[in-house]
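Read through the structure below, which is laid out as structure tokens, and then see the notes.
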Amino acid sequence: MKRQNSFIMTCTIGLLLFSMFFGSGNLIFPPYLGYEAADMTLPALLGFIVTAVVFPVLGVIAIAKNNDLLSLAGHAGRKFALVFSIIVFLALGPGLAIPRNAAVSFEMAVVSFREEITIGVRIAYSVIFFVVSWLLSVHAEKLVDWLGKILAPVLLVLMVVLSIYCIVKIPSVSMEPSSLYAEHAGIQGFLDGYNTMDTLAALNFDNIIAINVMGKGIMDKNQVVRYTMKSGVIAGILLALVYAVLAYAGKTCAGLYEGAENGASVLAFLVEHVLGRSGVILLAVIYVLSCLTTCVGLLCSCAEFFASITRLSYKAWITLFAIAGCVFSVAGLNGLLKFSVPFLNAIYPAAMVLVMLGLFSHWLEKHPLVWPSAIFCTGIVSCVHALASCNVVIPGVTKFLLSFPPAKELCWLLPCIFGIIIGRLLPQRKCSAGKDDARIPA
């Protein structure tokens with residue numbers, strides 16, 4: 001009986017973790033990956049799974065072993081912990097994720113039904129979307145939970161059924177991949193996984209997972225970590241399966257649909273091709289509601305964090321973030337994705353290194369300088385790569401750093417290893433920012 005209850009609880013927490021990772025934005029990237037990669041979908045998908053599934057799950061485990069994000073990042077220094085946490089919350093909030101929810105829902109609810117889109121229509125939609133989001137964010141707990149439990153499963157089932165139908169019914173046509181995937185499909189898929197931002201999100205799931213595990217009567221920290229690890233595996237398997245069927249559905253679409261600019265347009269085409277116009281309307285309604293609840297959840301979590309480290313109130317932060325999200329969302333989905341690529345190229349490698357070090361934090365207690373050394377070396381090189389993607393070249397530096405193997409997109413790997421070795425060899429001293437020091441008082 002105990003084993004059965006333990007298994008049921010692990011599955012329950014795993015499904016919770018899956019639903020936390022599985023936002024509406026995650027649906028637009030795998031189909032577009034398949035659409036662009038075409039015959040190279042498999043290696044691209046494998047690379048995508050590394051950064052969109054494996055590292056997010058490892059991130060949850062690393063946080064469980066180190067209490068929270070501020071404690072984990074605090075190993076590299078108190079100032080770094082605060083700055084890095086702020087950057088992560090800004091990315092998950094008004095900088096990228098919040099406006100992306102408005103932009104994705106606009107693509108599904110408006111662009112799918114109108115041939116001509118004016119800036120006035122886009123602004124009007126964004127204003128309405130964020131006014132409603134602001135009103136719901138004041139008391140969002142029950143609404144987000146209720147709608148999330150209903151909409152997430154409905155959207156998931158709809159997408160999986162649709163994808164399987166496309167794979168089975170639509171004949172697969174051999175198509176050449178786009179230039180980005182022609183030579184290094186796996187690496188490009190690896191970079192595409194950054195766009196889900198799930199590794200960054202995983203760094204903020206600690207409280208929710210821990211509370212749910214302890215709510216089942218598990219109070220021992222080792223047991224909490226153990227349940228988190230098992231639940232993470234379940235969530236990761238579900239995510240990988242969903243991404244796989246969506247990617248291959250996008251691949252089947254490549255031979256039928258030309259000129260897709262993003263994953264939202266690929267999804268809209270697939271739904272209309274299989275279910276007709278009524279299916280597009282259903283998908284649009286589900287997407288708007290799903291994006292709305294996700295936006296409310298992000299507004300709440302980001303406002304709570306910044307209210308805890310500043311003197312501004314929770315309500316004031318919600319207002320600021322809603323206004324910022326509204327302004328940025330007017331740039332549209334394509335505009336946001338263009339901005340997100342260099343930003344995530346800069347921050348995502350450091351987040352992955354932080355996760356990997358967090359998994360071995362117990363063995364690194366005697367070598368605290370490994371943390372700042374590895375993250376510094378990684379961050380410098382990833383920022384240079386991000387600048388290069390914006391055509392900003394540092395003479396004599398950019399070309400040298402981007403020449404590191406295995407490829408310019410992963411040029412931060414060798415510097416990271418170099419930083420770990422240097423941190424290990426340097427004379428060790430007491431870390432200036434331990435777990436407790438990293439916490440920022442409210």
inquiry  = As an exercise: evaluate PHE55 against (1) under 15 Å from PHE205 (Cβ atoms); (2) touching a Leu at 6+ places or on another chain (Cβ under 8 Å); (3) not β-branched (Val, Ile, Thr) and give the number of the one condition it does not meet.
reply    = (2)
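Given the residues GLY193, GLY189, GLY148, GLY120, which is the only one that is in a helix (DSSP H, G or I) and modelled with pLDDT under 75? Don't jump to the end; show me each part of the working.
Numbers: GLY193 fails: modelled with pLDDT under 75; GLY189 fails: modelled with pLDDT under 75; GLY120 fails: modelled with pLDDT under 75.
The conditions single out GLY148.
Which ones in the stretch 320-335 are touching a helix residue (DSSP H, G or I) at 6+ places or on another chain (Cβ under 7 Å) and either assigned to a helix (DSSP H, G or I) or surrounded by fewer than 16 Cβ atoms within 10 Å (Cβ to Cβ) (or both)?
Filtering the stretch 320-335 down to residues touching a helix residue (DSSP H, G or I) at 6+ places or on another chain (Cβ under 7 Å) leaves 321-322, 324-326, 328-330, 332-333.
The answer is PHE321, ALA322, ALA324, GLY325, CYS326, PHE328, SER329, GLY332, LEU333.
Quick one: is THR378 modelled with pLDDT under 90, crowded, with 20+ Cβ neighbours inside 10 Å and assigned to a helix (DSSP H, G or I)?
No.
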message = Take the residues in the stretch 381-431 that are small (Gly, Ala, Ser), assigned to a loop (DSSP other than H, G, I, E, B) and within 25 Å of SER340 (Cα to Cα); name whichever of them is nearest to the chain's Cα centre (by Cα).
response = ALA407
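Look at VAL393 and say whether it is among the aliphatic types (A, V, I, L, M) and crowded, with 17+ Cβ neighbours inside 10 Å. Let's see the steps before the verdict.
Numbers: among the aliphatic types (A, V, I, L, M): yes; crowded, with 17+ Cβ neighbours inside 10 Å: no.
No.
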note = The lone condition LEU241 fails out of (1) assigned to a helix (DSSP H, G or I); (2) open to solvent by 40 Å² or more (accessible area, probe 1.4 Å); (3) modelled with pLDDT under 85 is (3)
ask   = Is there a residue being farther than 23 Å from ASP192 by Cα and small (Gly, Ala, Ser) anywhere in the stretch 43-53?
value = no
key: Checklist (1) open to solvent by less than 20 Å² (accessible area, probe 1.4 Å); (2) under 20 Å from GLY358 (Cβ atoms); (3) modelled with pLDDT under 70 applied to ALA140, failing item   = (2)
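Please specify each residue of the stretch 336-361 satisfying the condition of being without any contact (Cβ under 8 Å) to a residue 60 or more places away in the chain and in a helix (DSSP H, G or I). Talk me through it step by step, then tell me what you get.
Within the stretch 336-361, the first condition is being without any contact (Cβ under 8 Å) to a residue 60 or more places away in the chain, and the residues that meet it are 338, 342, 346, 360.
Of everything in the stretch 336-361, those that are without any contact (Cβ under 8 Å) to a residue 60 or more places away in the chain and in a helix (DSSP H, G or I) turn out to be LYS338, PRO342, ALA346.
To keep it simple, each residue is scored yes or no on (1) within 17 Å of the chain's Cα centre (by Cα); (2) free of Cβ contacts under 8 Å to residues at least 12 places away in the same chain; (3) within 26 Å of CYS11 (Cα to Cα); (4) not in a helix (DSSP H, G or I).
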| site | (1), (2), (3), (4) |
| --- | --- |
| MET219 | no, yes, yes, yes |
| ILE234 | no, no, yes, no |
| VAL266 | no, no, no, no |
| VAL271 | no, no, no, no |
| VAL280 | no, no, no, no |
| ALA284 | no, no, no, no |
| VAL288 | no, no, no, no |
| CYS291 | yes, no, yes, no |
| PHE305 | no, no, no, no |
query = Among the residues of the stretch 22-58, how many are more than 24 Å from PRO153 (Cα to Cα), open to solvent by less than 20 Å² (accessible area, probe 1.4 Å) and under 17 Å from the mean Cα position of the chain (by Cα)?
reply = 1
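The values are calculated or read from the model by the stated rules, or taken from the named source; none is laboratory data. Because the structure is a prediction, the values reported are computed rather than measured. FYI the Cβ positions are ideal-geometry reconstructions off the backbone, even for glycines, and counts take in every protein chain you see. Remember, those area values only see protein heavy atoms, side chains included, never the ligands or the DNA or RNA. Shrake-Rupley method; radii C 1.70, N 1.55, O 1.52, S 1.80 Å.
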